[in-house]
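Quick note: the coordinates plus some simple rules give every number you see, no bench work behind them. If you're wondering where the values come from, they're calculated on a predicted model, not measured in any experiment. Neighbour counts run over all protein chains shown; Cβ positions are idealised from the backbone, glycine included.
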Amino acid sequence: MINRRIHDILLERLDESPAVALLGPRQVGKTTLAQEIGESGPSLYLDLESDADRSRLREPELYLGNHEDKLVILDEVHRVPDLFQNLRGLIDKGRKKGRRTGRFLLLGSASLDLMRQSGESLAGRISYLEMRPLDPLEIDPGDLNELWVRGGFPDSYLAKSNQMSLRWRRDFIRSYLERDIPQLGPRIAAETLRRFWVMLAHHQSGLLNAADFARSLGVDGKTVASYLDLMVDLLLVRRLEPWHNNTGKRLVKSPRVYVRDSGIVHALLGIDSLEALLGHPVAGASWEGFVIESLIAAAPEAALANFYRTSAGAEIDLLLTLPTGKRWAIEIKRSLTPKLERGFYNACDDIHPDRKLVIYPGSESYPHSEGIEIASLPEVAGQLAAIR
C-alpha cells in the first residue's frame, strides 16, 4: 500500500534536486515506494545492508559513473557514511554534463545520522523528505478506528486479523531492539531499552520527567536523555516542544513525549483490539498522539508543531503555526460530546489563534461557542493537506 501523497511529493523533489533523502522508520514502505518510482524509468537499486551490493561500491565513482543515465536508489545509505563524499563528486560531474536533477534517491531509517552525514558533503545538493506510516487521508474514513488500533505500518494495518497485526508489531519491536539498534552503534541492553520504550507508552502524551525515568531504570538523567535522543532519531518517538512567547505568562518548559505510531503503543502495552483499548487507561492519551501525528503528517512541511501550557493551567494540545504565519489551536477529545475546560479558552485568550478547533471521533462538524469548531480528524487533515 503506497502513500500516494508522498509518492507525488517525491517525484517533485526528484525533478528539483540531484539527490533526495527519503527518511522513515523501517517497514514503513520506503523501499516499495522507491522501487515503484524506479520502475517509471531507468534505475539501479542497491541495498547497502547486502554484502554483495556493498562490494559493488568498493570503487563507487567508477561503478556509479557507469550508471550516470539512471536514477540510483541507495537503500540504508547511512550504513556506508564514506559514500557521501563520492556522491558529491558524481553530482558535480553530472551537472557539468547537464544532469542537474534526479540522480540519487537515498533511503535511511536514522534521520539525524543520515542528515549529518549527507549535510556535511551534499549541502545544496540534497533535499530531505520524511515518509511516515499511513494516515487517515490514505484510508477509508470508516476504517479510522482500525488505523488507530493497528497503527499505520502497512503490514500491521493490512494484516488479516488483529492477532496477526499484533504479532507483526511485536516482531517489529523485537527486531529493532535485537538487530537494528545494535547495528547503529549504541551498546544498550535490549531489555533496558524495551523497558524504556514500554515506559514511554505508559507515559504517552505526558511531560518529560527524565528524573522519574532514570529512577525507574536505575540510570542517570543523561543516560535517559541519550535513550530518548536515539528513539527520536529513529523516528519512533516524537518530542513535542512547548511554544514560547513574550506574553509574560509562566510557561511549561518540558517537552511532551509520544510514541509516534499508535499501533506500537498498543503492542508495547499488550492491547490487541478496539474493545481492549477503550477500556484501557491509555485510550485518551493514545487518541491524542494518533491525532497529533495525523495532523502533523497532513500539514505543510514547513509548519511548526508545538503545545502550549502555563503553570496556571491554560493549555492547548497542539498549536500549528502554518507557513503563512497563521496559527491553529487544536484541542483533542475522545468523547462524542466533547466538553472544553476553561484552560483551553484561557490559552486561546493568550495566543489569539486564527482558528480554534476541537478534534473528536465523530464524523459531523459543527460550530461551538466563541468561534470554536468541532471537527472530525479526516476533515481537518484534509484541510491541512490542501494548503500550499
### Query
If amide H atoms are built 1.01 Å from N in the plane of the peptide, which residues on other chains or at least 5 residues away come under 5 Å of the amide H of S127?
A19, V20, A21
### Message
Which one, F153, S121, A329, is farthest towards the positive end of the dipole of the chain when Lys and Arg carry +1 and Asp and Glu -1 on their Cβ?
### Response
S121
### Message
I'd like the antiparallel share, as a percent to the nearest 5, of DSSP beta bridges with both residues in the chain.
### Response
35
### Ranked list, fewest to most other Cβ atoms within 10 Å of each Cβ, for V20, V252, V237
V252, V237, V20
### Query
Given H placed 1.01 Å from N in the peptide plane, which residues other than close sequence neighbours of S43 have an amide H under 5 Å from its amide H?
L71
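Run the numbers for A52 and E370: contour at 0.36 nm per residue of separation, minus the present Cα-Cα distance, in nm.
The span from A52 to E370 would gain 108.1 nm if fully extended.
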### Task
Search the structure for amide H atoms under 5 Å from the amide H of V237, placed 1.01 Å from N in the peptide plane, and list their residues when 5 or more places away or on another chain.
V232, R260
### Task
Could you list K356, K96, K326 in order of exposure, starting from the residue whose Cβ has the fewest other Cβ atoms within 10 Å?
K96, K326, K356
